Amino acid sequence: MTKHVPPVRADKTFRSDVLAGLKAARKSVSSKWLYDDVGSHLFEAITELDAYHPTRTELGILETEIRQYSRLPGARGAMVELGSGSSRKTNLLLGAFPDLSVYMPVDISANHLKDAAERVRRAYPSLAVIPVAADFTQPLGKLPLLPELPVLVFFPGSTIGNFERAEATALLRSLREAMPGATMIVGVDRPKEEEVLLEAYDDPAGVTAAFNLNLLQRINRECGADFELNAFAHKAIWNADESRIEMHLESLTEQSVTIGADTIAFQKHETIHTENSHKYDEEAFSEIANQSGWRVLDQHCDAQSWFSVYILQSG
């Protein structure tokens, strides 16, 4: 039995989102809550796994096309990175953009963001590094950039695939409104063989399982819940109708969990839906971009057509 402990931090938004999701007919928790400090570090470990193809495939495309990206207007202005993710991708672009003035990483995990910003400051002491701790899925407003600087948005890792189509369209529209006239480099994972996808999201080493189960640990720690971690299991499935990988936490037995004064009942095999990762071909993603007011300038794929990197221009 998990020892009940009082919450270490009162995050009303997190708690309310968790309770709303777990009380729904089909239980779910937004994937953005997977990325606390522990979750962010576990995800970085996932990106290093041989089974996880998106990172190495996207990195290969960026390395091949870096000269073209260095000619984009924002490469001589301000680069805004959404998600403050893989340092290899970030360093590749920063190293190829010697005339860049401002680097602005935006991330929901404040401590992870602070560490990433410090690494960049040490590596590029002449670069103005302005970290923004924010949930970029919410309206950002006008970011604190010098108005005369052209802006390049870097949105790697196929993070756009974590959103439903309507949500992805709304997010891109919100980013266009926050940074009018910007150019964007965005990574998008493509549909492929089911076995390749499932291994990427349910790796043999169990790192993805630890990443997913950490959400329950976070709810225990921050909301004073009593989830028993070994009573749940990580589950990844391919939903062909929606063209997406789904991550779930499956209850291994009939059980109840308390979160403060609330009791959440689970049936055996009932799941908490924790993440989607949509896979878009060129037609599907171009439609999302166009509907959100961005224009596709170019697209680059790897030799296997497993991943695409798009250059978008704000309309």
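It is to be established whether one or more residues within segment 272-284 are in a helix (DSSP H, G or I), modelled with pLDDT of 95 or more and either of a type in the set (A, V, I, L, M) or touching a helix residue (DSSP H, G or I) at 6+ places or on another chain (Cβ under 6 Å) (or both). So that I can check it myself, show each step before the final result.
In the first step, residues of segment 272-284 are kept if they are in a helix (DSSP H, G or I); the result is 282-284.
Among the residues that remain, those that are also modelled with pLDDT of 95 or more are: 282-284.
With either of a type in the set (A, V, I, L, M) or touching a helix residue (DSSP H, G or I) at 6+ places or on another chain (Cβ under 6 Å) (or both) added as a condition, the list becomes 284.
Yes, because at least one residue in segment 272-284 is in a helix (DSSP H, G or I), modelled with pLDDT of 95 or more and either of a type in the set (A, V, I, L, M) or touching a helix residue (DSSP H, G or I) at 6+ places or on another chain (Cβ under 6 Å) (or both).
Within segment 158-169, track down each residue that is open to solvent by 50 Å² or more (accessible area, probe 1.4 Å) and touching a residue at least 60 places away in the same chain (Cβ under 8 Å).
Glu164, Arg165
Collect the residues in segment 85-112 that are open to solvent by less than 30 Å² (accessible area, probe 1.4 Å), modelled with pLDDT under 80 and assigned to a loop (DSSP other than H, G, I, E, B), keeping them in residue-number order.
Within segment 85-112, Gly85, Ser86, Ser109 qualify.
Which members of segment 281-302 meet the condition of being open to solvent by 10 Å² or more (accessible area, probe 1.4 Å), in contact with a Gly (Cβ under 9 Å, 6 or more places away or on another chain) and either in contact (Cβ under 8 Å) with a residue 24 or more places away in the chain or under 28 Å from Thr208 (Cα atoms) (or both)?
Hits for segment 281-302 are Gly293, Asp302.
Report, ordered by the first and then the second residue, all pairs with beta carbons closer than 7 Å, sequence separation of six or more or different chains, a first member in segment 225-254 that is farther than 30 Å from Glu283 by Cβ and open to solvent by 20 Å² or more (accessible area, probe 1.4 Å), and a second member that is of a type in the set (A, V, I, L, M) and at pLDDT below 95.
Pairs found: Glu228/Met1.
Among (1) part of a helix (DSSP H, G or I); (2) within 30 Å of Leu72 (Cβ to Cβ); (3) in contact (Cβ under 8 Å) with a residue 60 or more places away in the chain, which single condition is Glu222 missing?
So Glu222 meets the others, but not (2).
Among the numbered conditions (1) out of contact with any Asp or Glu (no Cβ under 7 Å at 6 or more places or on another chain); (2) outside any strand (DSSP E or B), tell me where Leu249 comes up short.
Here Leu249 clears every test but (2).
Restricting to segment 36-57, give me the number of residues that are farther than 25 Å from Tyr280 by Cβ and open to solvent by 20 Å² or more (accessible area, probe 1.4 Å).
Total satisfying the criteria: 5.
Of the numbered conditions (1) out of contact with any Lys or Arg (no Cβ under 8 Å at 6 or more places or on another chain); (2) at pLDDT 95 or above, Tyr35 satisfies every one except a single condition; which is it?
(2)
Out of everything in segment 62-84 that is among the basic types (Lys, Arg) and at pLDDT 95 or above, what residue ends up being least open to solvent (accessible area, probe 1.4 Å)?
Once the filter is applied, the top-ranked residue is Arg71.
State the number of residues belonging to segment 108-126 that are in contact (Cβ under 8 Å) with a residue 60 or more places away in the chain and not hydroxyl-bearing (Ser, Thr, Tyr). Give the steps one after another, and end with the answer.
Restricting attention to segment 108-126, the residues satisfying the condition of being in contact (Cβ under 8 Å) with a residue 60 or more places away in the chain are 108-109, 111-112.
Then keep just the ones that are not hydroxyl-bearing (Ser, Thr, Tyr); that gives 108, 111-112.
Summing the residues that are in contact (Cβ under 8 Å) with a residue 60 or more places away in the chain and not hydroxyl-bearing (Ser, Thr, Tyr) in segment 108-126 gives 3.
Name the pairs: first residue in segment 55-84 and in a strand (DSSP E or B), second residue open to solvent by 50 Å² or more (accessible area, probe 1.4 Å) and hydrophobic (A, V, I, L, M, F, W, C), Cβ to Cβ under 8 Å, at least 6 apart or on different chains?
Ala78/Leu146
In the set Glu177, Glu195, which member is touching a residue at least 12 places away in the same chain (Cβ under 8 Å) and either assigned to a helix (DSSP H, G or I) or within 16 Å of the chain's Cα centre (by Cα) (or both)?
Working: Glu195 fails: touching a residue at least 12 places away in the same chain (Cβ under 8 Å).
Just one listed residue meets the conditions, Glu177.
Report the residue count in segment 120-135 for those that are farther than 14 Å from Ile108 by Cα and either β-branched (Val, Ile, Thr) or not in a strand (DSSP E or B) (or both).
Of the residues in segment 120-135, 10 are farther than 14 Å from Ile108 by Cα and either β-branched (Val, Ile, Thr) or not in a strand (DSSP E or B) (or both).
Given the structure, is Glu118 open to solvent by 20 Å² or more (accessible area, probe 1.4 Å) and either at negative phi or among the hydroxyl-bearing types (Ser, Thr, Tyr) (or both)?
yes
The values are calculated or read from the model by the stated rules, or taken from the named source; none is laboratory data. Note that the structure is predicted; figures quoted are calculated from it, not measured. Neighbour counts are summed over all protein chains in view; Cβ atoms, including those assigned to glycine, are modelled from backbone coordinates with ideal geometry. In case anyone asks, the SASA skips ligands and DNA or RNA and just uses the protein heavy atoms, side chains included. Shrake-Rupley method; radii C 1.70, N 1.55, O 1.52, S 1.80 Å.
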